[in-house]
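In what follows, a structure is listed as structure tokens, so that the remarks can point back to it.
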């Protein structure tokens, strides 16, 4: 994949999408072959956000964001100021000192996503980060997340069960078969952004991907 590209991965439940991300993060070793992130071993090259927000309940929103660099000893003196500015830029300034149990589900996801971007990794691995949200909040977060990505121009691998979400956000969509996962199809999404959900081109791409998913299940 190209630097700055957004690639979404869709496939049946249990096919190995999360395992794929964990391998890309260097948390698991593949049984065969190898994985490189921009020509280097994966460990230390990617920031991984697992399913759910995974915020530390004893730390504030600011403290959770700073944890992205504390974890590997890269907490520079100016990091707090940078994190506060990031919270302000994305509408969370007044919640910097709030703990996770004081935040709404959407706010928690925003903080968790900002923490992932704050890690300063070349590759971001996002495992269904919006899956637990209601439909309205999810739509709002899709637009918000796209804005964050466009600002930072990170490379993203995004796992989702929502095919329309994949079309709205991605440069390409990979379709996996049932376990053991293989690549069933690859769909480029070359529509201009922002993309409207009601756009017939978006819906046409969605239907094509759904068709590929259905075909991949046929023995």
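Any read-out appearing in this document is the output of simple, stated calculations on the displayed coordinates, not a laboratory observation. Computed from a prediction, not measured in an experiment: that's the story for all the values here. In this analysis, Cβ positions are derived from the backbone assuming ideal geometry, glycine residues included, and neighbour counts consider all displayed protein chains.
Quick notes on this structure:
- Equivalent-ellipsoid semi-axes for the range 6-216 (Cα gyration tensor, √(5λ), whole Å, largest first): 29, 21, 15.
- Cα convex hull, the range 53-117: 76 Å³ per residue, rounded to a whole number.
- When shorter helices are ignored and each DSSP H run of at least 4 residues is given -39500 (n - 2.57), the per-residue value for the chain at 222 nm works out to -12000 deg cm²/dmol.
- The range 1-112: C-alpha gyration tensor shape, a/c 1.5 cut-off, then a/b vs b/c: prolate
- The largest-to-smallest principal axis extents of the Cα set in the range 136-176 are 29, 26, 12 Å.
- Angle in degrees between helix 79-89 and the longest Cα principal axis of the chain, rounded to the nearest 10: 60
- For the range 165-219, the relative contact order comes to 37 percent (Cα pairs under 8 Å, sequence separation of at least 6).
- Rg [Å, one decimal], Dmax [Å, integer] - the range 110-188, C-alpha atoms: 13.1, 36
- Rounded to 10°, Cα long-axis angle of helix 135-152 versus longest principal axis of the chain: 80
- Helix 105-118 vs. the chain, principal-axis angle (Cα, 0 to 90°, nearest 10): 90
- Applying 1/(1 + (r/R0)^6) with r as the Cβ-Cβ distance of residue 214 and residue 51 and R0 = 35 angstrom yields a FRET efficiency of 0.90.
- When DSSP beta bridges are restricted to pairs lying wholly in the range 6-216, around 25% turn out antiparallel.
- Those residues of the range 116-149 whose amide nitrogen sits under 13 Å from the label point placed on residue 94, 7 Å along Cα→Cβ: none
- Springs between Cα atoms under 10 Å define the GNM used for the chain, and in it the highest mean-square fluctuation of 108, 201, 22 occurs at 201.
- FRET E, pair residue 104, residue 190, Förster distance 30 Å, beta-carbon r, rounded to 0.05: 0.30
- Ranking of 65, 23 by count of other Cβ atoms within 10 Å, fewest first: 23, 65
- Spacing of the modelled spin labels on residue 79 and residue 198, each 7 Å from Cα toward Cβ, amounts to 4.6 nm.
- Listed by Cβ neighbour count within 10 Å, with the fewest neighbours leading, 187, 158, 90 appear as 90, 187, 158.
- Two-site FRET efficiency, residue 182 against residue 2, from Cβ-Cβ distance with R₀ of 25 Å, rounded to 0.05: 0.65
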